[in-house]
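One structure is given below, encoded as structure tokens.
The values are calculated or read from the model by the stated rules, or taken from the named source; none is laboratory data. All figures in this text were calculated on a predicted structure; none of them were measured in a lab. All Cβ positions, even for glycine, are placed from backbone atoms using ideal geometry, and neighbour counts span all protein chains on display. Side chains are part of the model used for accessible areas, which takes the heavy atoms of the whole protein and leaves out ligands, DNA and RNA. Shrake-Rupley method; radii C 1.70, N 1.55, O 1.52, S 1.80 Å.
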Amino acid sequence: MLEDGRTFRGRAYGAQGTALGEAVFATGMTGYQETITDPSYARQLVVQTAPHIGNTGVNGDDAESRRIWVAGYIVRDAARRPSSWRSESTLDEQLAEQGVVGISGVDTRAVTRHLRERGAMKAGIFSGPDAGRPDAELLAEVRAQQGMEGARLAEEVSVDETYLIDPADHGWDKEPLFTVAAIDLGIKSMTPVRLAERGIRTYVLPAASTFEDITALNADGVFMSNGPGDPATADVQVNLLREVLDARIPFFGICFGNQILGRALGFGTYKLRYGHRGINQPVMDRRTGKVEITSQNHGFAVDAPLDGPVTAPEARYGRVEVSHVSLNDDVVEGLACLDIPAFSVQYHPEAAAGPHDSAYLFDRFVDLMASSAASKSKESI
């Protein structure tokens, strides 16, 4: 049931009960396990636009975090049984085991068209005895829940303690090149692996970490991850990033990290009508003119001028330009600072799941740290 009263009926899928959240749609044809375990989907009811879901089951290798994070799951044709040599259990079983309420047999095309026309909105899934309550009562419960605007969720999905991803565990057979402090705002497990593959020792830190926590690691660079919630609530992370930028420590952010950089530079953020979610989102790198097909999951965006470069509203950070832009709706998809070592993108270059067009961004971060180290070496001579 959507907050405007539109109702779709189907069959119970996964756990039974009540699930409340923001209804959004994801357009990926594959990668449903990576989708449901992406912490950026916390407190959201995900509609899969691909009609067949669960065909390959689930396994212990493809999860992108320690648990399923979607608040509820909406599919059309749920697989009766999985068919994959990698499958360890069914998707239905995993949802039930983790208490995630879902619904199948829904016309997901109709739901998606409704959300595209009217925007993402509050919703609820009700099954079992809960589905027998009066519609008016269910609708009141849907409307009474907190919306996504003003929601502070990064701390809820972040780790409690710092952990290390070592390059030696991911095919790197030389000494690590650099050390990175990655702030977990809802990080996907493949992201630090992509850094490790390039020889980067990565410490993943809790969302509430301080600048002192970063300097204690003698970090050569700082990374801020994707994550859920409204970036307008992330004052702690914005202030932390400003300390990083003031210290001229190389910075790379993705998704929520891109919005944090935007706010640290003094730009605003706003909620998109229905967001970008899927693994087929076209983006242009304005520096090269190259088009990338990207993996995305965000409902907020940075409000920065496309006709840059411009001086950042926080003028001490100098000039900044929009480096990447969505080809669907001209939404800002990346920021590049021209006078300090910092850049970010709004999408997910780790490609789990998704295309590998954007893998070069990790190499760009390595180059940025190398350039910064070389400049410091010259200054010390």
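Pro349 satisfies every condition listed in (1) in contact with a helix residue (DSSP H, G or I) (Cβ under 6 Å, 6 or more places away or on another chain); (2) part of a helix (DSSP H, G or I); (3) not polar (S, T, N, Q) except (2).
Only one of these is under 22 Å from Val142 (Cβ atoms) and of a type in the set (Gly, Ala, Ser): Gly60, Gly99. Name it. Spell out how you get there, then give the answer.
Details: Gly60 fails: under 22 Å from Val142 (Cβ atoms).
Within the list Gly60, Gly99, the selection yields Gly99.
The requirement of being open to solvent by 10 Å² or more (accessible area, probe 1.4 Å) and of a type outside the set (Gly, Ala, Ser) is not satisfied by Ile68. Remark: pairs (first residue in segment 71-98, within 23 Å of Thr49 (Cβ to Cβ); second residue open to solvent by 60 Å² or more (accessible area, probe 1.4 Å) and at pLDDT below 95; Cβ separation under 8 Å; 6+ apart in sequence or on different chains) = Thr90/Arg81.
Condition check for Ala232 on (1) part of a strand (DSSP E or B); (2) open to solvent by 10 Å² or more (accessible area, probe 1.4 Å); (3) in contact with a helix residue (DSSP H, G or I) (Cβ under 8 Å, 6 or more places away or on another chain): one failure, at (1). The helices (runs of 4 or more DSSP H) located wholly in segment 113-203 that include 2 or more residues which are out of contact with any Phe, Trp or Tyr (no Cβ under 8 Å at 6 or more places or on another chain) and either surrounded by fewer than 16 Cβ atoms within 10 Å (Cβ to Cβ) or in contact (Cβ under 8 Å) with a residue 60 or more places away in the chain (or both) occupy 135-144, 190-196. Residue-level check: of (1) open to solvent by less than 10 Å² (accessible area, probe 1.4 Å); (2) more than 19 Å from Asp230 (Cα to Cα), Gly14 misses just (1). If the condition is being more than 25 Å from Ala315 (Cβ to Cβ) and among the polar types (S, T, N, Q), then segment 239-293 contributes Asn280, Gln281, Thr288.
Answer with yes or no whether Ala12 is touching a Ser or Thr at 6+ places or on another chain (Cβ under 8 Å) and not in a loop (DSSP other than H, G, I, E, B).
Values: touching a Ser or Thr at 6+ places or on another chain (Cβ under 8 Å): yes; not in a loop (DSSP other than H, G, I, E, B): yes.
Spelling it out, Ala12 is indeed touching a Ser or Thr at 6+ places or on another chain (Cβ under 8 Å) and not in a loop (DSSP other than H, G, I, E, B).
Filtered by the rule that a residue be assigned to a loop (DSSP other than H, G, I, E, B), over 16 Å from Val58 (Cβ atoms) and either open to solvent by 10 Å² or more (accessible area, probe 1.4 Å) or among the basic types (Lys, Arg) (or both), segment 94-112 gives Gly105, Asp107.
Determine whether Gly354 is among the small types (Gly, Ala, Ser), modelled with pLDDT of 95 or more, part of a loop (DSSP other than H, G, I, E, B) and open to solvent by 10 Å² or more (accessible area, probe 1.4 Å). Spell out the reasoning first.
Details: among the small types (Gly, Ala, Ser): yes; modelled with pLDDT of 95 or more: no; part of a loop (DSSP other than H, G, I, E, B): yes; open to solvent by 10 Å² or more (accessible area, probe 1.4 Å): yes.
When the stated conditions are applied, Gly354 does not pass them.
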